[in-house]
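Coordinate-derived values only; no laboratory data. Nothing here was measured: the structure is a model prediction, and the numbers come from that model. Positions of Cβ are backbone-derived with ideal geometry, glycine not excepted, and every protein chain shown enters the neighbour counts.
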Amino acid sequence: MAIKDILVHLSGTDGGKAVVETAVGVAQKHDARLVGLFAGVPYDLPTYVVAQLPAEVITAHQVHVEETAKATAAMFEKACTANGISHDYREGDWREPVDDVVCMHARYADMVMIAKPGPDSAIAHAREVADRIVLASGAPVMIVPQAAAKGSLGEKVLVGWDGGPNAARAVRDALPILQQASAVKVLAVDPKPGRGGLGDLPGADLAAFLATHGVKAEADHMTSVGGDVGQTLLNECSDFGADLIVTGGYGHSRLGELLLGGVTDTLMEQSSVAVLMSH
């Protein structure tokens, strides 16, 4: 399936601006339309606390949301117009949770692009918002760090492959990007042997599948560094010179990954390149 409609989460932060710049480059490559969505500015408070806030605090927050929306819409419009990108702008109800608004609009998009949550995020629970979008949007989600490649994104792609359904979905979702890449590497980390695993040549079956879709990919496998699959992917990403990682998101439960660590957790927090995840 071609990438023709890309939903861009406009967060009103510096990270959100980087997402727009990256989205413009992706749209140019795929002749896609960008749908900018300002979904509001979340309270940095638990929901049960927000419900007890006085009216003047609620009003002040609403004014802040409206001012941020206006500035963000102008930034998005300028970036798209300057680059000749077909675009649309939407606003969600500021009283609704941001992730709920994004997920609702994601139902009608080929891909969602969001900023990588980090320690400098505008809200403390930015990571939780990003997790929910990956899990509930029903679309592939590209998580974009501020330092991500802009126009060159998708030139060299590393596919993290474990043979699972989420990874398979991510590969299919990313096919239009893989087909335009100059180099693609399929990497299986700690592959399971035998009939229930990835065979004697882990990743070879996926490389053969990709070849039928016009993607020339090399397949490789390796043992993780200290049992950390995510860090091993990041190390290989650096060595390979990839500007994008494609992989499944949350192959295990979200709670389990957050408590015990997991590939999604590592990539979400530490990757310096964009990561496309599907769940």
> What's the angle, to the nearest 10 degrees (0 to 90), between helix 14-30's Cα axis and the longest principal axis of the chain?
Replying inline: 50
>> Just to be sure I understand, if you calculate Rg and Dmax of the Cα atoms in Å for this structure, which of (i) 21.0, 71; (ii) 19.1, 65; (iii) 20.8, 90 do you get?
In response: (ii)
> Residue-wise, which Karplus ³J(HN,Hα) couplings in Hz belong to segment 66-79, taking 6.51 cos²θ - 1.76 cosθ + 1.60, θ = phi - 60°, and x for glycine or proline?
Replying inline: 5, 5, 5, 4, 4, 5, 5, 4, 5, 4, 5, 4, 4, 5
> Stretch GLU77-ALA183 to full length: gain in nm at 0.36 nm per residue minus the Cα-Cα span?
Replying inline: 34.9 nm
> Considering amide H positions built from the backbone, and no H for Pro or chain starts, which residues 5 or more places from GLY40, or on another chain, come under 5 Å of its amide H?
Replying inline: GLY92
>> Test of understanding: extend the Cα→C-beta vector of LYS150 to 7 Å, then name every residue of segment 76-119 with backbone N under 19 Å from that spot.
In response: 76-87, 113-116
>> Neighbour counts of other C-beta atoms within 10 Å: give me SER271, SER137 arranged from fewest to most.
In response: SER271, SER137
> How far, in degrees from 0 to 90, does helix 126-136 lean away from the longest principal axis of the Cα atoms of the chain, to the nearest 10?
Replying inline: 60
>> Quick check on the chain: helices-only [θ] at 222 nm, where DSSP H runs of length 4 and up contribute -39,500 (n - 2.57) each and the sum goes over total residues. Nearest 500, please.
In response: -13500 deg cm²/dmol
> How much length is gained on full extension from ASP200 to GLU56, taking 0.36 nm per residue of separation minus their Cα-Cα distance?
Replying inline: 45.3 nm
>> On a 25 Å Cα-Cα criterion, which of the cross-link pairs LYS70/LYS156; LYS116/LYS216; LYS78/LYS150; LYS116/LYS150; LYS4/LYS78; LYS29/LYS156 come out too long?
In response: LYS70/LYS156; LYS116/LYS216
>> Connecting C-alpha atoms closer than 10 Å in a GNM of the chain, tell me which of ALA71, ALA27, ALA204 has the biggest fluctuation.
In response: ALA71
